[in-house]
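Since the structure comes first, as structure tokens, the remarks are kept for the end.
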Amino acid sequence: MPPVFAHGRLRLYLLKLLDEAPRHGYEVIRLLEERFQGLYAPSAGTVYPRLAKLEAEGLVTHATEGGRKVYSITDVGRAELADRGGELADLELEIRDSVTELAAEIRDDVRGAAGDLRREMRAAASASATQVEDESWKAAKEDLRKARQEWKEQARRAKDESRRAREEAQQARRQAKEAQERAREEVQRIAGQLQEQFAKSGGVLGSLAGAWLGGGAQSTAPAGAEPRTTADEAAAGAAGAAAAADWAADLVPTGDPARDLDRLLDRFRDEVRDAARDRGVTAAQVAEARHHLEAASGRLGTTFGSRP
């Protein structure tokens with residue numbers, strides 16, 4: 001008989017069962033037996049070591065209730081389960097296929113046993129052709145009838161399970177694809193809002209980055225320098241907006257909006273810090289930087305506090 005679970009798949013399915021509800025080890029074994037229509041039940045020596053390993057990896061935790069360990073999935077375990085949503089859908093389909101294969105093997109066994117019984121009955125009938133049919137003959141016929149009925153019932157259940165498995169797997173794949181699309185749209189929306197905020201200030205962050213990163217004019221003019229005119233400020237703002245529009249365009253969205261935002265903030269911090277280290281920074285520049293960052297914090301707080 002081929003293995004019911006491929007390598008690493010039982011581990012993934014244990015996370016799914018614990019994501020449904022906290023369970024103790026015996027309950028996990030019983031649920032697996034139910035999912036396989038009683039055709040397969042893992043041993044305690046198979047389940048408990050894997051639960052212990054999942055706990056050692058920080059994917060599950062346990063509490064003692066009534067002398068039993070009740071296992072619960074952790075946030076880390078839920079994150080892994082979410083990342084492997086497509087693989088879990090395939091696993092559900094594989095389980096249904098395993099049920100079908102097990103049922104087919106039982107069906108073959110029943111057929112073989114029925115064939116052996118039929119041959120034995122024919123041999124007995126041939127040896128005693130004139131013997132009146134007795135109770136043992138009737139019992140043999142009844143056993144054959146029951147065996148045929150059981151095979152038909154198992155074949156029907158296996159067929160129904162296979163059909164449901166295909167439908168559930170197709171639905172799971174659709175849901176996973178929709179979730180990916182929604183995540184991608186959310187990242188694009190946030191990135192667009194950030195670029196819009198950068199552009200509006202030249203931006204609030206663009207003016208600071210433009211002064212330090214671009215090597216252009218400083219926001220605070222040194223003593224004795226000619227004051228910047230309105231035209232100079234407008235030109236600097238336009239240049240900052242143009243730079244902000246293309247800023248960090250090389251960072252391809254990952255599908256995780258929170259991670260993409262962290263990458264944008266890391267890029268900004270690193271570039272400003274490197275520019276300050278290379279060119280030096282004055283107290284007046286630090287004061288102006290604080291002013292720009294305060295304004296940027298307020299605008300971004302408004303952005304992330306609003307609903308799309």
Report, in whole Å, the centroid distance computed from the Cα atoms of the range 157-183 and the range 54-85. 25
For K69, which lysines qualify as cross-link partners when the Cα separation must be under 23 Å and same-chain residues fewer than eight apart are set aside? K16, K53
Each label sits 7 Å from Cα toward the beta-carbon; between S43 and A295 the label points are separated, in nm, by 7.2
For K138, list the lysines whose Cα falls under 23 Å from its own Cα; do not include residues on the same chain fewer than 8 positions away. K146, K152
Full-stretch length increase - A139, S72 - with 0.36 nm per residue and alpha-carbon distance subtracted: 19.0 nm
Once both labels are modelled 7 Å past Cα along the beta-carbon direction, what's the D116-E271 spacing in nm? 7.7
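Readers should treat all values here as calculations from the given coordinates under stated rules, not as data from a laboratory. Just so you know, these numbers come straight off a predicted model, no measurement behind them. Quick reminder, even Gly has a Cβ in these numbers, built from the backbone with ideal geometry, and neighbours come from all protein chains shown.
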